Amino acid sequence: MTVFNFSAGPAVLPVPVLLKAQSELLNYQGSGQSVLELSHRSDLFETILHETESLLRELMDIPDEYRVLFLQGGATLQFSMLPLNLATNRQMVDFIDTGSWSQKAIKDAQAYATTRILASSASDGYRSIPVEAVTSDADYLHITWNNTLEGTTYTKAPQVGVPLVADFSSSILSEPIDIRQFDVIYAGAQKNLGSAGMTLVIIKDELLQRTPQSSGSYLRYDTHAKHHSLYNTPPTYSIYLTKLVLEWIKEQGFETVVQRNRQQAAALYTYLDQSTLFSNAVAISDRSRMNIPFSTGQVDLDTQFLKFAERNQLVNLKGHRSVGGMRASLYNAMPNSGVDALLSVLHRFEQGER
Ligand code: PMP
């Protein structure tokens, strides 16, 4: 059965990537071994790791003075690793609070540092990104670039004079960004980069000096930088899948992927804005292209819609329990046919079909 998967993550993967992984599963490049079986110290795996990093550097235009790390522990481990490694001068971290994932990052940072919230969009139910200019004298400022639950996104990096750390978990590689505006970028792989298990950290070289000597080895960024992500066993298969995803992006051209994302999101927002039944409540200038929450405003009707959608092969459209309603995640791998199918099902439901 073919379905369109609108999950927020783990999420849809490109079919050509899955087919390639399938074709290589039992015998990787004539080695007689599966990628799953390769030693992380083997030449074959080291080549995979090296190629993944090169592709990422090329597609994201990552300058030489940034290190690329492939870690485990999800974006969630970064909520602790960041303050542990970087909040070492003033033991102070500033945050802009844009919702649920910002709050989780704040809570974990509190174990290591004093935290301050410089701005928050709590007062409008996190339907926007705060606009006020902020200044900071903390060890760094943390922002959540794309808010997976609330469906908001930054479009411009705040410049505050202290290192800027950004959680890009749900929008990495969905749009061009200027890496130089950030000091650390991190993202779990299970949305736009591949499968769960690998977490990408892009960190400016000079920040590697900040870690206190007393930290355990896995928890130190400099350990992973020094050992090129091979200090311990990395998530080998997840890294391999990311390589396939990056090759898939490169084949089409990153610009094509970006344009497709823009067109898909625009098509859905256009529908929602003219609909008399469904709506999206996010401030227009701050709308995410990756995660689009919407609702009828009535719990029963939302439930009926979700059932109708599932009968029509559209799965995982339920919104996060803290937000309710529906949410369509349109990551890079969502084909246009998936968005067309969603628009058609929305329209039919609005016309009264059940
Ligand atoms: N930050 C954001 C913006 C997320 O969307 C998520 C996961 N949905 C996380 C952090 C946590 O990621 P993980 O589950 O990889 O720890």
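Which residues, counting only those in the stretch 311-353, are hydroxyl-bearing (S, T, Y) and at pLDDT below 95?
Looking only at the stretch 311-353, we keep the residues that are hydroxyl-bearing (S, T, Y), and these are 322, 329, 331, 337, 344.
Across the stretch 311-353, the qualifying residue is only S322.
Do you know which residues across the stretch 1-47 are β-branched (V, I, T) and within 16 Å of the ligand (Cβ to nearest atom)? Steps first, answer last, please.
Initial filter on the stretch 1-47 (β-branched (V, I, T)): 2-3, 12, 15, 17, 35, 47.
If the condition is that a residue be β-branched (V, I, T) and within 16 Å of the ligand (Cβ to nearest atom), then V12 is the only one that fits.
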Worksheet, complete the sentence: Within the stretch 317-338, the count of residues that are more than 20 Å from Y126 (Cβ to Cβ) and more than 19 Å from the chain's Cα centre (by Cα) comes to 3
Worksheet item: Can you find a residue in the stretch 40-48 that is without any contact (Cβ under 8 Å) to a residue 24 or more places away in the chain, closer than 30 Å to W101 by Cα, in the same structural domain as L141 (by TED's automatic domain parsing) and not in a strand (DSSP E or B)?
Response: no
Discussion item. Filter the stretch 159-168 down to the residues that are buried (at least 20 other Cβ atoms within 10 Å of the Cβ) and either over 26 Å from N261 (Cα atoms) or modelled with pLDDT under 95 (or both) and list them by number.
Written reply: P163
Worksheet item: Going by the structure shown, is S322 out of contact with any strand residue (DSSP E or B) (no Cβ under 8 Å at 6 or more places or on another chain), among the hydroxyl-bearing types (S, T, Y) and exposed (fewer than 13 other Cβ atoms within 10 Å of the Cβ)?
Response: yes
Response to the item:
All-but-one check, D97 against (1) modelled with pLDDT of 95 or more; (2) more than 21 Å from T199 (Cα to Cα); (3) more than 16 Å from the ligand (Cβ to nearest atom); (4) among the acidic types (D, E), failing number (3)
Item to complete: Output the residues belonging to the stretch 208-218 that are assigned to a helix (DSSP H, G or I), touching a residue at least 24 places away in the same chain (Cβ under 8 Å) and out of contact with any Leu (no Cβ under 6 Å at 6 or more places or on another chain).
Response: L208
Discussion item. Condition check: free of Cβ contacts under 8 Å to residues at least 12 places away in the same chain and not hydrophobic (A, V, I, L, M, F, W, C). Does Q22 satisfy that?
Written reply: yes
Worksheet item: So how many residues does the stretch 80-94 have that are surrounded by fewer than 22 Cβ atoms within 10 Å (Cβ to Cβ) and either within 12 Å of the ligand (Cβ to nearest atom) or not assigned by TED's automatic domain parsing to the domain that holds D139 (or both)?
Response: 1
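The values are calculated or read from the model by the stated rules, or taken from the named source; none is laboratory data. This is a predicted model, so every value here is computed, not measured. Note: ideal-geometry Cβ built from the backbone for every residue, glycine included; neighbour counts use all protein chains shown.
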